[in-house]
Amino acid sequence: ASKPEQSKTIVLIVASLAGAIYISIHAVASIHFRADQTISGTALNVLAGGLTIYLCQVMFKTFSTPPISASSGFKKFDIPLLSDIPIVGKLFFTNIYSTTILAFILVFVTWFVLFKTPFGLRMKACGLDEHAAESVGIKVNKVRLIAIIMSGIFAALGGAYLSMGYMSIGKSSLWDSL
């Protein structure tokens, strides 16, 4: 893969790790300290917005960010064979981004994990009635921690994709400042 393509992959991985670390604050607050999840989540969302603005100002050394390029950080491509299917091929398999395929794969994997694995059953049990789940030997706090961290990873992947979709990676002072 080319260097810009590797850079985008690294950005998605780093964003996933950052999302997992950031959401761990919520996990500790809601699981260990038994804080209200709505209050904890809202506080972290407000903090994230302010922190993002502050960090952008520090990185760019200005009070506004540079203009965002309309060109996408990802390349479009056609899926061989599937793009040749009449009507459907042009609609769904022509000019798509690799991250779109990743999103569909993650939807399938998430469905599979939630509905076809013992872990998914345990996760649903913990969500429905944590006391009943605990009475059959499920470690509720561990399952909740994993679920919260996975949600942070998915949210960070979405945010990174949106950010890179609006900004051409490698042509921005944001990229140069990192």
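The values are calculated or read from the model by the stated rules, or taken from the named source; none is laboratory data. Note that this is a predicted model, so its numbers are computed, not measured. We place every Cβ from the backbone using ideal geometry, glycine too, and count neighbours over all the protein chains shown. These area figures cover heavy atoms from the full protein model, side chains too; ligands, DNA and RNA do not enter into them. Shrake-Rupley method; radii C 1.70, N 1.55, O 1.52, S 1.80 Å.
Brief remarks follow.
- From the list Thr110, Thr100, the one residue that fits, being within 20 Å of Lys142 (Cβ to Cβ) and out of contact with any helix residue (DSSP H, G or I) (no Cβ under 6 Å at 6 or more places or on another chain), is Thr110.
- Among the conditions (1) surrounded by fewer than 11 Cβ atoms within 10 Å (Cβ to Cβ); (2) aliphatic (A, V, I, L, M); (3) more than 26 Å from Leu12 (Cβ to Cβ), Leu55 misses just one, which is (3).
- Of the numbered criteria (1) in contact (Cβ under 8 Å) with a residue 12 or more places away in the chain; (2) assigned to a helix (DSSP H, G or I); (3) farther than 24 Å from Gly19 by Cα, the one Asn141 fails is (3).
- Residue in the stretch 18-28 that is farther than 22 Å from Ile146 by Cβ, out of contact with any strand residue (DSSP E or B) (no Cβ under 9 Å at 6 or more places or on another chain) and assigned to a helix (DSSP H, G or I) present: no
- Qualifying position, being open to solvent by 60 Å² or more (accessible area, probe 1.4 Å) and of a type in the set (A, V, I, L, M, F, W, C), among Leu145, Leu106, Leu157, Leu114: Leu145
Yes/no per residue for (1) free of Cβ contacts under 8 Å to residues at least 40 places away in the same chain; (2) touching a helix residue (DSSP H, G or I) at 6+ places or on another chain (Cβ under 7 Å):
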position	(1), (2)
Thr38	yes, no
Gly49	yes, no
Phe60	no, yes
Leu91	yes, no
Arg122	yes, yes
